[in-house]
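*Asks:* Questions regarding the structure given below will be posed in turn.
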Amino acid sequence: MIFLTVGTHEQPFNRLVKYIDEMKRDGLIDEEVVMQTGYSTYETKYCTWQKLYPYQDIVKYIKEARIVITHGGPSSFIAPLQIGKIPIVVPRKHKFGEHVNNHQVDFCREVERRQGNIIFVEDVNDLKDILLEYRNLTTKMQYNDKSNNENFCREIDKIVEGIFTK
């Protein structure tokens, strides 16, 4: 199963939703696709979809999915990373009326460069090849499971231990 989420931003992300729906229509995707389409106005014809799912359902779909595709909002692509999956991230773009500026493009490009744990897709037309090669792409990637929260807590523990052992 493929799970796609475009988050809860109030501008539509029809470009991504429609592209995946058309891939399903054309038989380029032969597995089930579940979409959270948010405020998109395009209604899929070939995929299971709902505008918004409860958080528990999103987590369930992320866990069950073979592939997770998200928009460039950090909350949406961090969730699959926390579960150990490498998401395909397609940022919203200002020129298509999908966001107020291009910060998602800039942010995702930086995450890909620094962390190397997402598949950044700037052009939806590249999705076909990426979906077909997903397994090969992800096996070549080094999954970075470092948690900044864990690192922070570890450092705080050291500081606290140092205070009480003096």
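*Asks:* Tell me whether region 22-37 contains one or more residues that are surrounded by 16 or more Cβ atoms within 10 Å (Cβ to Cβ), within 17 Å of the chain's Cα centre (by Cα) and basic (Lys, Arg).
*Replies:* No.
*Asks:* Among the residues of region 66-119, which ones are aromatic (Phe, Trp, Tyr), surrounded by fewer than 19 Cβ atoms within 10 Å (Cβ to Cβ) and within 25 Å of ASP21 (Cα to Cα)?
*Replies:* PHE96
*Asks:* Here is a check on your reading of the model: is GLU155 surrounded by 13 or more Cβ atoms within 10 Å (Cβ to Cβ), modelled with pLDDT under 90 and of a type outside the set (S, T, N, Q)? First the steps, then the outcome.
*Replies:* Details: surrounded by 13 or more Cβ atoms within 10 Å (Cβ to Cβ): no; modelled with pLDDT under 90: yes; of a type outside the set (S, T, N, Q): yes.
So GLU155 does not fit the description; no.
*Asks:* Among the residues of region 63-84, which ones are in contact with a helix residue (DSSP H, G or I) (Cβ under 6 Å, 6 or more places away or on another chain) and in contact (Cβ under 8 Å) with a residue 60 or more places away in the chain?
*Replies:* ILE67, VAL68, THR70
*Asks:* Is it the case that some residue within region 53-75 is closer than 25 Å to ASP129 by Cα and in contact with a Gly (Cβ under 6 Å, 6 or more places away or on another chain)?
*Replies:* Yes, the conditions are met somewhere in region 53-75.
*Asks:* Has region 85-97 got any residue that is of a type in the set (Gly, Ala, Ser) and over 15 Å from the mean Cα position of the chain (by Cα)?
*Replies:* Among the residues of region 85-97, at least one is of a type in the set (Gly, Ala, Ser) and over 15 Å from the mean Cα position of the chain (by Cα), which makes the answer yes.
*Asks:* Consider only pairs whose beta carbons are under 6 Å apart and that are at least six residues apart or on different chains; among these, list those whose first residue lies in region 45-62 and is closer than 17 Å to ILE20 by Cα and whose second residue is of a type in the set (Asp, Glu).
*Replies:* TYR46/ASP21; CYS47/ASP21
*Asks:* May I ask you to say which residue of ARG25, ARG66, ARG92 is at pLDDT below 95 and basic (Lys, Arg)?
*Replies:* ARG92
The values are calculated or read from the model by the stated rules, or taken from the named source; none is laboratory data. Bear in mind that the values here come from a model prediction, so they are computed numbers and not experimental data. In this analysis, Cβ positions are derived from the backbone assuming ideal geometry, glycine residues included, and neighbour counts consider all displayed protein chains.
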